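Please read the structure below before turning to the comments.
The values are calculated or read from the model by the stated rules, or taken from the named source; none is laboratory data. All of these numbers come straight from a predicted model, not from anything done at the bench. So basically every Cβ, Gly included, is an ideal-geometry build from the backbone, and we count neighbours across all protein chains shown.
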Amino acid sequence: MTLSSHRFLRSRLKTRHLILLVELGRHGSILHAAEAAGLTQPGASKLLSELEDTLGVTLFERLPRGVAPTWYGEVMIRRAGAALAEMEAAHQEVVLGAAGVGGRVNLGTVMTPSTGLVPAAVQLLKSRHTQVQVSLGVDTSKVLIERLRSGEIDIAIGRILDPNLVQELNFEPLAEEVHRLVVRAGHPWLSRSELTVEELAEAPWILPPAGMLRDRLTAMFISHGVREPVDSIETMALSMIPLLLMGSDRVVALPEELVLPYLEFGTLAILPVPLDIRLDCYGIVTRRQHHLAPAAEAMMQALRECARQGQRHA
């Protein structure tokens, strides 16, 4: 740490600066951020000017309606969120003391483990530590990693897509996502043992939004000299996909576990045709320099145990 940065942290940077940065990132407005931080608008403007003067950079662009973070502002917002999350974790540990594991753990996951691994791990955690409060969310890996880096969540179940973040994050692999072609029961292709990519391209599809799976599907079609399906619906809303499939001859690429109840009930089926698409392994992602609170450590242990159990039964 340089002398100037040491002085900045010790004499200039205050908790209210961190809170204001986080609220500015959330609201994009000095007025609304000030209200959320318990400040007056002039007080918030003064604090922001102090930060910018001290750092010698512009953190937020002043727009006709609100403010927008610059690159420097985005860095400060993310680091401020992580610093406040660290202090909250420290507060939990102090309050809990020797009373046993309690507190709160915030976990985010990609879709596939949300249907099996994560619920099982949460049940195991709660059977051991009923007082632990668990917050769960489902999103893409990209969003989850950003929320993890900013301190909004303690643990992410997903993938690190940006190689530049490898030194900043810990990754424990859990499982691969093997995708299959899912259709309604009675679909005319269920009697087929082979399908060409050209035939698949002509079919009506349910396609995922932009992301890793969409990229792999696009690459599959392009590599065979055909374009993506023209008749498509773009969604990954699991509550709607079975209904869309049952009312049509549409095709979707999904891991079996996401629609297992429908497969067992006989309303959906897997085409007996291999789909040569495997996504990179997903796993447990945490911040490398972050010391997890007891509740989060207990959640990690439950995730590892349930993952091992799932592998034995696979």
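Going through segment 225-259 one residue at a time, which ones are surrounded by 13 or more Cβ atoms within 10 Å (Cβ to Cβ) and in a helix (DSSP H, G or I)?
Of everything in segment 225-259, those that are surrounded by 13 or more Cβ atoms within 10 Å (Cβ to Cβ) and in a helix (DSSP H, G or I) turn out to be Ile241, Pro242, Leu244, Leu245, Met246, Glu256, Glu257, Leu258, Val259.
All but one of (1) out of contact with any helix residue (DSSP H, G or I) (no Cβ under 6 Å at 6 or more places or on another chain); (2) at pLDDT 90 or above; (3) not basic (Lys, Arg) hold for Val226; which doesn't?
For Val226, the failing item is (1).
Which residues, counting only those in segment 260-314, are of a type in the set (Phe, Trp, Tyr) and outside any helix (DSSP H, G or I)? Full working, then the answer.
Taking segment 260-314 first, the residues of a type in the set (Phe, Trp, Tyr) are 262, 265, 282.
Listed by number, the list holds a single entry, Tyr282.
Every residue in segment 24-79 that is surrounded by fewer than 17 Cβ atoms within 10 Å (Cβ to Cβ), of a type in the set (A, V, I, L, M, F, W, C) and part of a loop (DSSP other than H, G, I, E, B), please.
Val57
Of the conditions (1) assigned to a strand (DSSP E or B); (2) buried (at least 19 other Cβ atoms within 10 Å of the Cβ); (3) within 12 Å of the chain's Cα centre (by Cα), Ile145 clears all except one; give me its number.
Unmet condition: (1).
Only one residue in Leu59, Leu51, Leu21 is of a type outside the set (Asp, Glu) and at pLDDT below 90. Which one? Write out each step before concluding.
Working: Leu59 fails: at pLDDT below 90; Leu21 fails: at pLDDT below 90.
So the residue among Leu59, Leu51, Leu21 that is of a type outside the set (Asp, Glu) and at pLDDT below 90 is Leu51.
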